Amino acid sequence: MSSFLPKKEETNRLTYKFSSFKKVTILAVLMASLTLNIGFASADNHKESLNKIYHVYVGNEYMGAVSDSAAVHGIIEKKEEQASNQYKEFSVDASEDVKIIPEQVFSKETNDSETLAKVEQTLVAQTPAFTLMVDNEPVAYLKDANDYDKTIRLLKLQFVSSQELDNLDTNQQTISDLPALQSGESRIKNISFKQAVSGVTKKVAPNEILSPEDAVKFLMTGSIEQQQYQIQQGDVLGSVAKAHNLTTAELLALNPKITVDTVLQIGQPLNVTVAKPFVTIEVKKEKKITDTIPFEKVIEEDPTMPKGESVTKQQGVAGKKEITYLLISANGTQTSKVALEENVLQEPIKHIEVVGTKVIPSRGSGNFTWPTVGGYISSNMGKRWDGQHRGIDIARPSNYNISAADNGVVVAAGFSGSYGNRIVINHNNGYTTLYGHLSSIGVKVGQVVEKGSVIGIMGTTGNSTGIHLHFELEKNGVLLNPLTYVSR
């Protein structure tokens, strides 16, 4: 068994090796421990040298960094206090848009004064408001939903009455059918915005909040206050309109109390603001009216009746009908009128008139032709000098021929005082015509003359200052103005 045991020398060698290994291991552990302690000591030294700064944002805009966040909170409190004192009816807040983000840094380099000044300038205290949106764009800010509802109602009241609006609300809530309209009655069918109008809650600066009345002005005109121009020396409507990129018609429409004939006074104010509404309010109205149906005029010819005569065979009578219209307007201007229903109450009765077509050479038709070949009116009928001018004077014709104004019989032909040579024709229908100052007469008393036939030559006989025709027209002995009856 002794052969399996180590010899003494071998045992001593193994003991030495184990002792050496143990010393090396202990030394390694000690070195490692020393290295870790040095590392931890280094980390502690770095931690002691780090500094905290604060990055400040207002909304999405970076203001800068500060060394103390308390200064930023001080500005927030100051802004809220100022806004609360000015707008006591609102609940204000200035902190919501502010973000303060801390950071550990080795170098504590900040520009507090510059950053705080920027925060002071940028930060605005805000309050919850109800934003009126038009086509998803914010247009006006109102205090709350109640003011929003009031604004919507006031907008509609620009174009309908309060009673009509209330009736519309009642009718829309009525389940049963509405009663039929009576003649002369109308009712609103619908009021709507052409744009998408809605409201959302949003925080805004208190000074941006409008009253419902001011919101309506802004929405309907594009501004709250109308711009006015004071008339200066030398101004005229055209120059004022041009200076403000308006036409004269547009300027007059903006100032309904003036016209193109108005004398402008220095200092007089004129509205030069063209309304640019954000919304278009469409009103649909149903209206029933009673209207007349015109009667038809019928002419029947009678060859046995002298031309120029007529009799009424049947008196025309207008009919009646009820029409229900749908009227559509946009911001007060009618854009459509559609007849929805029409009901005839009374058919019209034709007016029948019988007219004569029989031509009698000695009888006029009552339609007079111009008695000269062209010419112009040198003197009208009426007061002249110290007397009454009984007819019209025609001078400077293309030639001097005088023709009968209508069929008739000559009842006078010769010289007659101030008329000089004159002709009188009886048209045997109540009318007579007189032709004066002729140089020569071409017809005799009792002669039948045809309309347009030459009866004499223009001259200057009698009381005349130059060559012309004096022409008179009478009916049943009453003077008439020839210009009303004679066609040229």
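Quick look at the numbers
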quantity: Enclosed volume per residue, in Å³, of the convex hull spanned by Cα atoms of the range 283-358; calculated: 108
quantity: Amide H contacts of residue 455 (H built 1.01 Å from N, under 5 Å, at least 5 apart or other chain); calculated: 402, 403, 404
quantity: Gain in span if fully extended, residue 211 to residue 236, counting 0.36 nm per residue against the direct Cα distance; calculated: 5.3 nm
quantity: Förster-model FRET efficiency, 22 Å R0, residue 245 and residue 331, C-beta, rounded to 0.05; calculated: 0.55
quantity: Residues residue 229 and residue 177, FRET efficiency given R0 of 56 Å [Cβ-Cβ distance, rounded to 0.05]; calculated: 0.55
quantity: Amide H within-cut-off set for residue 189, under 5 Å, with H built and near neighbours excluded; calculated: 284, 285, 286
quantity: Pair residue 296, residue 478: separation of 7 Å Cα→Cβ label points (nm); calculated: 3.5
quantity: Radius of gyration and Dmax over the Cα atoms of the range 94-187, both given in Å; calculated: 26.6, 90
quantity: Residue 358 long-range amide H proximity, modeled H, under 5 Å; calculated: 305, 307
quantity: Extended-chain gain in nm, criterion 0.36 nm per residue less alpha-carbon gap, residue 347 and residue 305; calculated: 12.0 nm
quantity: Where N is the number of residues in the range 53-125, Cα Rg divided by 2.2 N^0.38 Å; calculated: 1.16
quantity: Estimated [θ] at 222 nm from DSSP helical runs (n ≥ 4, -39500 (n - 2.57)) normalised by residues in the chain, nearest 500; calculated: -8000 deg cm²/dmol
quantity: Rough spin-label spacing in nm, given labels placed 7 Å along Cα→Cβ, for residue 263 and residue 358; calculated: 6.7
quantity: Reported label for calculated volume of the Cα convex hull per residue in Å³ given [x] 477; [y] 231; [z] 138; calculated: [x]
quantity: Euclidean distance between Cα centres, the range 325-357 to the range 452-466, Å; calculated: 54
quantity: Relative contact order (%) - criterion: Cα under 8 Å, at least six apart; region: the range 137-271; calculated: 28
quantity: Helix 162-173 axis, angle to the chain major axis (alpha carbon atoms, nearest 10°); calculated: 70
quantity: Relative contact order [Cα under 8 Å, 6+ residues apart], the range 268-335, whole percent; calculated: 49
quantity: Nearest-ten-degree value, helix 145-156 long axis tilted from longest Cα axis of the chain; calculated: 20
quantity: Dimensionless Rg ratio for the range 368-487, taking C-alpha atoms and the 2.2 N^0.38 Å reference; calculated: 0.95
quantity: Per-pair calculated FRET efficiency, R0 = 41 Å: residue 201 and residue 289 via Cβ, rounded to 0.05; calculated: 0.30
quantity: Degrees, to the nearest 10: 112-122 long Cα axis against longest axis of the chain; calculated: 30
quantity: At most 16 other Cβ within 10 Å, DSSP loop - trypsin sites (Lys or Arg not before Pro), the range 235-292; calculated: 257
quantity: Length-normalised contact order of the chain in % [C-alpha pairs under 8 Å, at least 6 apart]; calculated: 9
quantity: Cα gyration tensor category, rounded, prolate or oblate, for the range 436-488 with a/c compared to 1.5; calculated: oblate
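Read-outs: derived from the displayed coordinates by stated rules, not from any lab. Because the structure is predicted, anything quoted here is derived from the model rather than measured. Positions of Cβ are backbone-derived with ideal geometry, glycine not excepted, and every protein chain shown enters the neighbour counts.
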